[in-house]
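What follows is calculated from the coordinates using simple rules that are stated; it is not laboratory data. Nothing here was measured: the structure is a model prediction, and the numbers come from that model. Neighbour counts are summed over all protein chains in view; Cβ atoms, including those assigned to glycine, are modelled from backbone coordinates with ideal geometry.
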2 protein chains.
Amino acid sequence: MTTPTIGVFDSGFGGLTVLRALIGRMPQARFAFLGDTARLPYGSKSRRTIAKYAAESAQFLVQEQGAEFLVIACNTASALALDAIQEAVSVPVLGVIEPGASAARLASRTGDVLVIATDATVQSHAYTVACRAQGLRALEKACPLLVPLVEEGWIDASIPTGKVTAEVIRIYLAELTADAAAMGLNPDVLVLGCTHYPLLRPMLEAAVPPGIRVIDSAQAAADAAVHSINGRLTRSSEELPEVPPNTQLRCFATDSVEKFERLGSRFLGYSVGKVQLVDLGG
Amino acid sequence: MTTPTIGVFDSGFGGLTVLRALIGRMPQARFAFLGDTARLPYGSKSRRTIAKYAAESAQFLVQEQGAEFLVIACNTASALALDAIQEAVSVPVLGVIEPGASAARLASRTGDVLVIATDATVQSHAYTVACRAQGLRALEKACPLLVPLVEEGWIDASIPTGKVTAEVIRIYLAELTADAAAMGLNPDVLVLGCTHYPLLRPMLEAAVPPGIRVIDSAQAAADAAVHSINGRLTRSSEELPEVPPNTQLRCFATDSVEKFERLGSRFLGYSVGKVQLVDLGG
């Protein structure tokens, strides 16, 4: 009986927290990790683009690296592209969302859970759907500053840089818990719905109100993957003015037109109007 | 005499600050703006990738949109891909680096200038080179949190979210001015080397030490473009353990292998070792 090669995929390197959890549980296994860093970050891209990128990445791991089991160690790709990946390859594929929701169900007594994640993961409402399937009510919040703060290494709360991160976390969690209270929710679990967040776990645990447990999707996914792989082996194997009327302005974007339209005007000082999607074949 | 179509290109939408400045100066002109948002951000990518993406984007503006003059409203692309863009198209191409350095020369009496920008722009040392050509000594610092803070909209210093940004700016500028003092520099100019930073100008002006003027590359580039276009018209127109010895780990990335190797280990908890570059044709 041999251990299969396990392919682990992420848009960047945050998924290494999942790989770390897998290595801790299966130190004898073979792993192939792919970070699609050329096309990073997925969090700001459309579902269509993420699905194409993720499917190509999954095929690389299966066809060229011989992966017999895939773990999608990326919340965004799990949220938006799990179906596309499962269609693109013939091996079992596990994302991080459902294991996170299952772990939340085991941890929650009230049935109400909070989820923090990237913009794209939250907009997909994948955690809300997965939690509902577990009989849970979920409230999600996008926390886009946390990834760059982790990548900047501002994660030590005892020094000024880390105090900035602690304040960002305080602001995000205050908004989230206020929203939850306004909706009549009584949450007792906070799910970390991004593979960068485990590096902030001590700060997050210090910041959550008493009575709320922190659940890590990366650990939950690694647990689920080990369970599934062992099972297989057992079975044998704001309103803005228009641009000045005399200005002829055409705006184009290769993706994320909605984000461009929403945020672009803040930079331009005028409404950017309708942004056209162009394909550069990238 | 007709006004030429001016193509304005950025990896995202920050370059709209340059377009804004251009529109203010040439309200009658025709503009075509392209944000290569599918492949955003350029700031974390390799020179080779940025050059390919930027050249494709420039060709789109010239060949498909009829641009007769190109403004590269992206410090990263200007720093890393200006030559590639100039080779790819036959129209005049203006970046933001040289105009920023020229404006710094006009503003500086001491000849020592500070530059803040993205990681990739700083690593290129394009501002140092351009400033040296102007007889200036430049000290550059990467400030990677400023772009996501702007994109999160935390730009009002009177409320808690903006106070976070003000503290981030204070930390970055304190590091930069301490480094400058240690090098014996006496800077009197701070160049904003990223098109997102104009939105932080009031906070940056409040944070710089007395006697330091803030210079905006976006405005400087718009001035230079107008000058150049009018001229044409006039002429007629951290040490880590290895992975456990029984673990077989292969890491792949589609780009930015150095960044993956440097930062990835923090997530994995082990050295990621040698990361292999793979091309998915993206």
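Using only side-chain charges placed at the Cβ, +1 for Lys and Arg and -1 for Asp and Glu, the dipole size of segment A:159-222 relative to its Cα centre rounds to 160 debye. The modelled label-to-label distance for the pair B:Glu64/B:His125, using points 7 Å beyond Cα in the direction of Cβ, is 3.7 nm. Computed from label points 7 Å out along Cα-Cβ, the spacing between A:Asp156 and A:Glu205 is 2.0 nm. Shown in residue order for segment A:56-65 are the 3J(HN,Hα) couplings computed by the Karplus curve 6.51 cos²θ - 1.76 cosθ + 1.60 at θ = phi - 60°: 4, 5, 5, 5, 4, 5, 7, 7, 9, 10 Hz (x for Gly and Pro).
If you sort the three axes of the alpha carbon gyration tensor as a ≥ b ≥ c, you get a/c of 1.5 or more for segment A:76-123 and a/b no higher than b/c, which makes it oblate.
Step through the table entries A:Lys163/B:Lys141; B:Lys141/B:Lys163; A:Lys141/A:Lys274, compare each Cα-Cα distance with 26 Å, and write down the pairs that go over it.
Numbers: A:Lys163/B:Lys141 21 Å; B:Lys141/B:Lys163 21 Å; A:Lys141/A:Lys274 28 Å.
The answer is A:Lys141/A:Lys274.
The trypsin sites (Lys or Arg not before Pro) of segment B:54-156 meeting both criteria, a DSSP state outside H, G, I, E and B (loop) and at most 13 other C-beta atoms within 10 angstrom of the site's C-beta, are B:Arg109. Where does the Debye-calculated log10 I(q)/I(0) of segment B:1-137 sit at q = 0.12, 0.17, 0.18, 0.22 Å⁻¹, using only Cα point scatterers of equal weight, no solvent? Those come out to -0.46, -0.90, -0.99, -1.32, one per q.
Give the shape of segment B:98-220 as rounded, prolate or oblate, defined through the alpha-carbon gyration tensor: a ≥ b ≥ c are the square roots of its eigenvalues, a/c under 1.5 means rounded, and otherwise the shape is prolate if a/b is larger than b/c and oblate if not. Before the final figure, lay out each step's value.
Values: a/c = 1.79, a/b = 1.57, b/c = 1.14.
Prolate is the answer for segment B:98-220, as a/c is 1.5 or above and a/b outweighs b/c.
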